[in-house]
Amino acid sequence: MKPIKVAIIGFGTVGSGVAKLLLEERERLARQVGCPLELARVVDVDLERPRNVRLPPGLLTDQLSTVLEDPEIQIAVELIGGLEPARTIVLRLLEAGKDVVTANKALLAEHGTELFEAARKYGRSIAFEASVAGGIPIIAAIAESLAANQIQSIYGILNGTTNFILTQMAEQGSMYADALRTAQQLGYAEADPSLDVNGTDAAQKLAILAHLAFGVHVRWQEIPRTGIDTVQAADMKYAAELGYTIKLLAVAELVGGGLELHVSPTLVSRHNPLAHVRGAFNAIRVVGDAVGPVFFHGQGAGQMPTASAVTADIISTALGRTAITFRTLRLWSPDRPSVVPLRDPAAISSRYYLRLNVEDRPGVLAEIAGILGAHQVSIASVIQHETEEPGDHPMVPLVIMTHSAPAGKLAESLAKIERLSCVEPGVVCMRVLS
């Protein structure tokens, strides 16, 4: 039977993993598809770098034209990453009549509408399972397996780098800087980790999931996000004392006819399965109106987990499943209005954890409680340990757990609290998920 020819553009870590599967598992993949999947071309700017897979002679090239001008190549896998030249290359591949598979969440979050419109124009499809949560099949689950449901909420640990750092801080007592350095040494974090630790990576993935699950058009930059660089070892200690651990959560939830979206470090109750996701693993809890809660857990990055998802998309594209789903869902279509409105971030209610450094003298707690109360923020509990520091009024940590309150009201109260002479600047504030 005539093989389906595949090209890989970008021969880095993930590209090497995909090539490894296509070359070493040919018989098994052929049984899945019903015909051979032939790796016909691999394109990369670096032809000399050693990889952990040996390609047949003549397969590796730095010329994209060898893919664009070969009518027998049906599927092209974009694994370059970033926005450019990836965007231009995907547009050229679609124009050349290739179906595209990508793991590029930044590209979809930023240019999804343009790319999907181009795919529809040229009668092609785009598959993107590996763009969110690596080897966890969350895209197919939401788009296909849970299609009978109105999704009610998505709570996800979508970034393995930050989860590794927070795990080190919680379990090893590491300071943030030390945990980040360990993550870099082990290859979990980039030399410049800012896109991970500031919440950008998770927000881009959440924008994709929100579009799939709720039909909303939202730019990832519009999603409120807070990174983990303000989390300190003291917060881990107090969270554990209160029965929680801290995770960077990406949240999409229907509340009162509107959709809440945010990414932030969150205290998660130890009774919640998300609290037990360790190291560089990812996890997503999805609630559907018919199925109820469903929990996905696995490796969210790495060569072979991500290659697994990419290769699954190649199989689905070869079988024609991707084309059917692509035509039916009309994702990122400008003529498809958002199904639900986004809620005002200031109106989103949550319980909160607050850590303040305050003067150890009578009346300080009353001042703070008075400001919170004036803004309808109710205190649930307080922790203030004794200090052995010398001085008339040493500074001591004060931890407050609130009842549920709107984010806007809390922000107003914290702005006033920060101006008190008895409070050091830099109040730590995190959401609480019971």
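The values are calculated or read from the model by the stated rules, or taken from the named source; none is laboratory data. Since this is a predicted model, take the numbers as computed values, not measurements. We place every Cβ from the backbone using ideal geometry, glycine too, and count neighbours over all the protein chains shown. The protein model used for the area step is the full one, side chains on, heavy atoms only, and it has no ligands, DNA or RNA in it. Shrake-Rupley method; radii C 1.70, N 1.55, O 1.52, S 1.80 Å.
For region 105-153 versus region 12-51, the inter-centroid distance based on Cα atoms is 22 Å. Within the accessible area of the chain, the carbon and sulfur atoms contribute 51%, probe 1.4 Å, all protein chains present.
A DSSP coil position with no more than 12 other Cβ atoms inside 10 Å describes the following GluC sites (Glu not before Pro) in region 1-101: Glu48, Glu69, Glu72.
For region 240-313, the dipole from Cβ point charges (+1 on Lys and Arg, -1 on Asp and Glu) about the Cα centre works out to 260 debye, to the nearest 20.
Using C-alpha pairs under 8 Å with a sequence gap of at least 6, the mean separation divided by the residue count of the chain gives a relative contact order of 16 percent. Return the single residue from Lys121, Lys205, Lys98 with maximal mean-square fluctuation; model: Gaussian network over the chain, springs between Cα atoms under 10 Å. Greatest mean-square fluctuation among the candidates belongs to Lys121. For the set His297, His375, His111, solvent exposure ranked by accessible area (probe 1.4 Å, protein chains only) runs largest to smallest as His297, His111, His375.
Between helix 176-185 and the chain, what is the angle of the helix's C-alpha long axis to the longest principal axis, kept within 0 to 90° and rounded to the nearest 10? Approximately 20 degrees, to the nearest ten. Loop-located trypsin sites (Lys or Arg not before Pro) in region 346-434 (DSSP state other than H, G, I, E, B) with a sparse environment of at most 15 neighbouring Cβ atoms within 10 Å: Arg419. Against the criterion of solvent-accessible heavy-atom surface with a 1.4 angstrom probe, Arg87, Arg28, Arg270 sort, most first, into Arg270, Arg28, Arg87. Relative to the longest principal axis of the Cα atoms of the chain, the long axis of helix 303-319 makes an angle of roughly 50 degrees.
Considering only Asp229, Asp201, Asp192, the mean-square fluctuation computed in a Gaussian network model of the chain, springs between alpha carbons under 10 angstrom, is largest for Asp192. Evaluated with a Cβ-only charge set (Lys, Arg +1; Asp, Glu -1), region 189-262 carries a dipole of roughly 180 debye about its Cα centre, given to the nearest 20.
How many angstrom lie between the C-alpha centres of region 219-265 and region 361-434? One Cα centre to the other: 19 Å.
How would you rank 315-322, 377-384, highest first, on the average number of other Cβ atoms within 10 Å across their residues? Display every interim value, and only then the final one.
Values: 315-322: 19.2, 377-384: 14.0.
Per-residue Cβ counts within 10 Å, averaged per peptide and sorted highest first, yield 315-322, 377-384.
Probing with 1.4 Å while keeping every protein chain in the model, the per residue accessible area of the chain equals 43 Å². Specify which labelled value, from (i) 83, 46, 34; (ii) 87, 60, 39; (iii) 70, 62, 44, agrees with Cα extents along the principal axes in Å derived from the coordinates of the model shown. The listed entry that was calculated here is (i). Compare the Cα positions of Ser269, Met395, Gly298 along the charge dipole of the chain (+1 at Cβ of Lys, Arg; -1 at Cβ of Asp, Glu; about the Cα centre) and return the one farthest towards the positive end. Of the listed residues, the answer is Gly298.
Against the main long axis of the alpha-carbon atoms of the chain, helix 407-417 sits at an angle near 40°.
Please report, in debye to the nearest 20, how large the charge dipole of the chain is about its Cα centre when each Lys and Arg carries +1 at its beta carbon and each Asp and Glu carries -1 there. All intermediate terms of the calculation are to be shown ahead of the outcome.
Details: 38 positive and 46 negative charges, 286 e Å.
The calculation lands at about 1380 debye.
Using a Gaussian network model of the chain whose springs link C-alpha atoms within less than 10 Å, name the residue from His217, His385, His271 with the highest mean-square fluctuation. Per the Cα network of the chain with a 10 Å cutoff, His385 tops the list.
Mean separation of Cα pairs under 8 Å and 6 or more residues apart, divided by the residue count, gives region 1-122 a relative contact order of 27 percent.
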